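The values are calculated or read from the model by the stated rules, or taken from the named source; none is laboratory data. Owing to the predicted nature of the structure, the values given are computational and were not obtained by experimental measurement. Note: ideal-geometry Cβ built from the backbone for every residue, glycine included; neighbour counts use all protein chains shown.
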Amino acid sequence: MGRYLSKKLAIYLVTFFFAVTLNWLIPRFVPGDPITSLLARFASLEGGKEILQSYFVQTFGLDKPLYAQYIGFWRSLFRGDLGISITRYPAPVMDIIKDAVIYDYIILLPSIVLSWIIGNKLGAVSGVNKKVDNFMMPVFYFLTSSPYFWFALVVSYVFGIVLGIFPTSHAYSATMRPGWNWAFIADFFMHWFMPFLTMFLVQLGGWAIGMRNMIIYETNTNYSKYMESLGASDKLIRNYGFRNGILPQVTGLAISLGTIISGSVLTQVVFSYPGLGYTMVQAIKESDYFLIQGCFLFLILMVLLANFVVDIVYMIIDPRVRHSYSGEV
Amino acid sequence: MKTRVSVLLIVALIVSSSAFALAAERNETLIVGGGPWSPATSWNPLYPSRTSATIGLVYETLFAYNPLTNEHKPWLADSGEWISDTVYEVNLRNGIHWSDGEPLTAVDVVFTYEIARDNELPYTPIWRTLEEVKALSLTKVQFVFNNPSYQEWQIELYSRPIIPKHIWKDIPSDQLMIIANENPVGSGPYKSGVGGADRIVWDRDDNWWGNEVFGQPKPKQIVEMIIYENNVALGMLMQRTLDLSNYFIPGVPSIKDAFGLTTWYDEAPFMLQANTAVLYLNTQRAPLDDAEFRRALAFAVNPEVIVERVFEYMVPTADPTGLFGGWTDYRDAEVVEEYGFYYDPEVAKQMLDEAGYVDADGDGWRDLPDGSAMSFEIIVPAGWTDWMESIRIISEHFRAIGINATPAFPDQSVYENRMFTGNFDMLINNYGSGVSGSPFSYWNWIANHNIHRDQVTEGNFGRYDNQELFDLIFEFNQILPMTEESLAVASEIQKILLQEMPAIPFWLNGMWAQTTSKYWTNWPTENNPVGYPSTWGGYWQFGTIEMLINLEPVQ
């Protein structure tokens, strides 16, 4: 178990190093510099822009050679300092992320977990029941092939504009003030629902299809047939099939995290829902190096961490992995 | 038992606190969008990228400016005038005060300027012409110049926020632009409220000095929503969760009646005009270095088609001089008559033929006089859909007279980089052509003299080099406005720009504004000009505060 984990950890560390380095490098090689662009949009007195320009270049150390900037970047990273945003000067990148990331969590976590659980259950039912299957499969395929932003628009149009049940944008009403009271929580929930529903439904289809195929495959394997000939009940055979079928689904979860996060960026834009997604899109548009770095760093950490959790879960649910590393087999 | 008690306690807490859930009722709240694109991180009046409504709502200027009448309206000042060629005298209003109760006096005005003399701030360059600012009494200030830039001063008067000395004198020099100034002490009608990741909130200051002078703004709070896409703004207008939208929303003319939206004009052009969209031509690349060729291009494009197809008549075409609003006081009709351009592809073809730009090799495209082929790329940022559509049309029209032009859409940062470094053939831009109190700002942007360097950021992106024109624009700045002499110089500038055509003005972008009337009425419109419906940064002094004062809540 320790060997398994330490091997995984080493891989994650290497991945982290390269991902962070790339994410430092790429924005700096895109043509254009954030300060000139920022300043070009201000009306100012003759000569005023030069003063600001030199002030900024010094403040952000952009006049130093690249290698020095790179070393400085790692140095401050170890101190937990992600720098200061250029476009949202003088806010520290860490503060911007802290304010935004909570909105990502409350959409992503429930939608990933619930769609995975419910999708697998529905898929399992679909796999053994032909009637249900005939009805559900087209729905699953429709859901999984929908692009996030398109599905978000559909959800927004149907539930927001036509039925008028849910507000079409933002995290809570303009007249609300955040606080621990029912009025606010209810209002927050109403705003949260449509982005959540979008993320939930699009993911659901994929999991259900995967599970359905796995169940059909497992019920045709030799061990199932053997159990059947021994006279085991259908339910027992299905349960064994489910336990085996869930393994690739767990791996699938780890693999699809990247797609899910990019899907959430698009969903946030459609609903003007705050979060890292929009922050990042803006930062990239304006080549705000420090904010891009910070956002990506967070995403990298989130994806790696989620993968790590999946690895641990995998070990728990698959005895073969557990035993192979502890030398029992 | 213990858990039950704590659950009860929590419930009691929640129930009791729900009374504070609403900061203000919906009909006391004005919800707007279109100004900020990210949450507020700086309220610092000295830092130009502060959250945009800071100047206007919290900090105020000596004068406001009404772009509709082209008049300066006394704001903190009671009056102001040039009492000699080099001295501008301002009388402040009596009894005005900061939001912390301290009086706002001439001392603060002097301080606002002296802090820029003693430190490196964005407006420090004003001291190149300013000699001294002195307070003659608590309400009388004199600005003594050595060589005044009269035109720029007209803009300065409504742009510079006056800051309180008793607060800023204690801030160290190296902190002046760094501090976020989260709880700004200003003199304006609003204070910074509790915002969030997707909004900026302003709470009314019921103790504002202007309540007795101008009247009290009606909204108890203003919430600026940060909206990521124009169609979200449209959805919010339809749901009535937005009172005023300052976004460009395609299709407004056809849906406005169905959805009960109000615009400034009831008919075309629907919107007020905010800036001139010009096509910059890179004069450092042949044949765009040839004035005849540039002029021919101006005749080749029919901006009416852009107005109709792209903007659905929400913008008007530009005057050949590019001037609009108050700037047209300087427009010389005779010069325009003689040198102005208009859409006529035949004239364009003839000009090109005469200048030797003919199709030498018979491939259907005109070539350079020496016979070599020429082609052009027109760029605008990807995603700016209205401009993207516009340059498609412009390319079409160029192609119709045999000029091989194609549109291209690089990312915004790449577009800007190519613009600043002169690495383009043609591009549309409007960063510096915004409505202002003097055409100097437009001319100094179209034909800025600061072009001999790696990055050109202050305008004149095509790097058109003409010292005579630069001198004229400089001279125009230094002559008393609206004098015979200043009009003569203005005519000369227009003449050179039309003859030389370093940039072609095509249409006037709108001051986009759509309003809904479920919660607020008495919006400013053409027939009811009670203010200026804009929440863009730098536009609050144009009459947005008057709009807030004149709004009526729906009961």
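Some values worked out for this structure:
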quantity	calculated
Residue under evaluation B:Leu480, criteria (1) surrounded by fewer than 16 Cβ atoms within 10 Å (Cβ to Cβ); (2) under 30 Å from B:Pro39 (Cα atoms), criterion not met	(2)
Breaking point among (1) part of a helix (DSSP H, G or I); (2) among the hydrophobic types (A, V, I, L, M, F, W, C); (3) surrounded by fewer than 23 Cβ atoms within 10 Å (Cβ to Cβ), for B:Phe259	(1)
Residue that is farthest from A:Thr267 (Cα to Cα), among those in segment A:164-198 that are part of a loop (DSSP other than H, G, I, E, B) and either more than 12 Å from chain B (Cβ to nearest Cβ) or touching a Leu at 6+ places or on another chain (Cβ under 8 Å) (or both)	A:Trp180
Meets criteria (among the small types (Gly, Ala, Ser), in a loop (DSSP other than H, G, I, E, B) and at the interface with another protein chain (Cβ under 9 Å from one of its Cβ atoms)) for A:Gly61	no
Residue in segment A:262-282 that is over 30 Å from A:Val158 (Cβ atoms) and of a type in the set (A, V, I, L, M) present	no
Extreme residue, farthest from the other protein chains (Cβ to nearest Cβ), among residues of segment A:270-283 that are in a helix (DSSP H, G or I) and in contact with a helix residue (DSSP H, G or I) (Cβ under 6 Å, 6 or more places away or on another chain)	A:Met280
Hey, A:Ala152 in contact (Cβ under 8 Å) with a residue 40 or more places away in the chain, more than 9 Å from chain B (Cβ to nearest Cβ) and under 30 Å from B:Leu242 (Cβ atoms) or not	yes
Some residue of segment A:75-86 being out of contact with any strand residue (DSSP E or B) (no Cβ under 7 Å at 6 or more places or on another chain), outside any loop (DSSP other than H, G, I, E, B) and more than 28 Å from A:Val303 (Cα to Cα)	no
Checklist (1) within 19 Å of the chain's Cα centre (by Cα); (2) modelled with pLDDT of 95 or more; (3) not β-branched (Val, Ile, Thr) applied to B:Glu416, failing item	(2)
Residue count, segment A:256-289 (criterion: in contact (Cβ under 8 Å) with a residue 12 or more places away in the chain and more than 12 Å from the chain's Cα centre (by Cα))	17
Residue check, A:Phe42 more than 12 Å from chain B (Cβ to nearest Cβ) and either exposed (fewer than 14 other Cβ atoms within 10 Å of the Cβ) or at negative phi (or both)	no
Flag if B:Pro269 is over 27 Å from B:Val310 (Cα atoms), away from every other protein chain (no Cβ under 12 Å), out of contact with any strand residue (DSSP E or B) (no Cβ under 6 Å at 6 or more places or on another chain) and surrounded by 19 or more Cβ atoms within 10 Å (Cβ to Cβ)	no
Boolean, B:Gln273 is polar (S, T, N, Q) and in contact with a Lys or Arg (Cβ under 6 Å, 6 or more places away or on another chain)	no
Residues of segment A:290-306 satisfying the condition of being crowded, with 20+ Cβ neighbours inside 10 Å and either free of Cβ contacts under 8 Å to residues at least 24 places away in the same chain or touching a Leu at 6+ places or on another chain (Cβ under 8 Å) (or both)	A:Phe290, A:Gln293, A:Gly294, A:Cys295, A:Phe298, A:Leu299
Among (1) out of contact with any Asp or Glu (no Cβ under 8 Å at 6 or more places or on another chain); (2) part of a helix (DSSP H, G or I); (3) within 14 Å of chain A (Cβ to nearest Cβ) - the single one B:Pro125 does not satisfy	(1)
All positions within segment B:501-552 that are assigned to a strand (DSSP E or B) and surrounded by fewer than 21 Cβ atoms within 10 Å (Cβ to Cβ)	B:Thr521, B:Thr525, B:Asn528, B:Glu552
Segment B:331-390, subset surrounded by fewer than 14 Cβ atoms within 10 Å (Cβ to Cβ) and among the aliphatic types (A, V, I, L, M), residue nearest to B:Gly462 (Cα to Cα)	B:Ala373
The one condition in (1) modelled with pLDDT of 90 or more; (2) in a helix (DSSP H, G or I); (3) closer than 30 Å to A:Pro92 by Cα that A:Ser229 fails to fulfil	(3)
Cβ pairs under 6 Å, 6+ apart, first in segment B:233-254 and without any contact (Cβ under 8 Å) to a residue 60 or more places away in the chain, second not polar (S, T, N, Q)	B:Leu234/B:Ile249; B:Met238/B:Phe259
From A:Ile86, A:Ile102, A:Ile117, A:Ile96, residue being within 13 Å of chain B (Cβ to nearest Cβ), of a type in the set (A, V, I, L, M, F, W, C) and over 22 Å from B:Met177 (Cβ atoms)	A:Ile102
Residue within segment B:178-190 that is touching a residue at least 40 places away in the same chain (Cβ under 8 Å), among the hydroxyl-bearing types (Ser, Thr, Tyr) and more than 14 Å from chain A (Cβ to nearest Cβ) present	yes
Selection from segment A:91-146 of residues that are surrounded by 15 or more Cβ atoms within 10 Å (Cβ to Cβ), under 22 Å from the mean Cα position of the chain (by Cα), of a type in the set (Ser, Thr, Tyr) and closer than 30 Å to A:Ile216 by Cβ	A:Ser111, A:Ser115, A:Thr144, A:Ser146
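Residues checked against (1) buried (at least 21 other Cβ atoms within 10 Å of the Cβ); (2) within 27 Å of B:Pro381 (Cβ to Cβ):
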position	(1), (2)
A:Ala232	no, no
A:Ile255	no, no
A:Pro274	yes, yes
A:Val281	no, yes
A:Ser287	yes, yes
A:Met315	no, no
A:Asp318	no, no
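Every residue, every condition in (1) farther than 30 Å from A:Phe42 by Cβ; (2) out of contact with any helix residue (DSSP H, G or I) (no Cβ under 7 Å at 6 or more places or on another chain); (3) of a type outside the set (Ser, Thr, Tyr); (4) not assigned by TED's automatic domain parsing to the domain that holds B:Asn230, yes or no:
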| residue | (1), (2), (3), (4) |
| --- | --- |
| B:Gly322 | no, no, yes, yes |
| B:Glu338 | yes, yes, yes, yes |
| B:Gln350 | yes, yes, yes, yes |
| B:Glu354 | yes, yes, yes, yes |
| B:Ala360 | yes, yes, yes, yes |
| B:Thr406 | yes, no, no, yes |
| B:Thr421 | no, yes, no, yes |
| B:Phe424 | no, no, yes, yes |
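Okay, residues lined up against (1) within 14 Å of another protein chain (Cβ to nearest Cβ); (2) assigned to a helix (DSSP H, G or I); (3) of a type in the set (Ser, Thr, Tyr); (4) free of Cβ contacts under 8 Å to residues at least 60 places away in the same chain:
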residue	(1), (2), (3), (4)
B:His397	no, yes, no, no
B:Gly402	no, no, no, yes
B:Ser441	yes, yes, yes, no
B:Trp445	yes, yes, no, yes
B:Arg453	yes, no, no, yes
B:Thr457	yes, no, yes, yes
B:Glu485	no, yes, no, yes
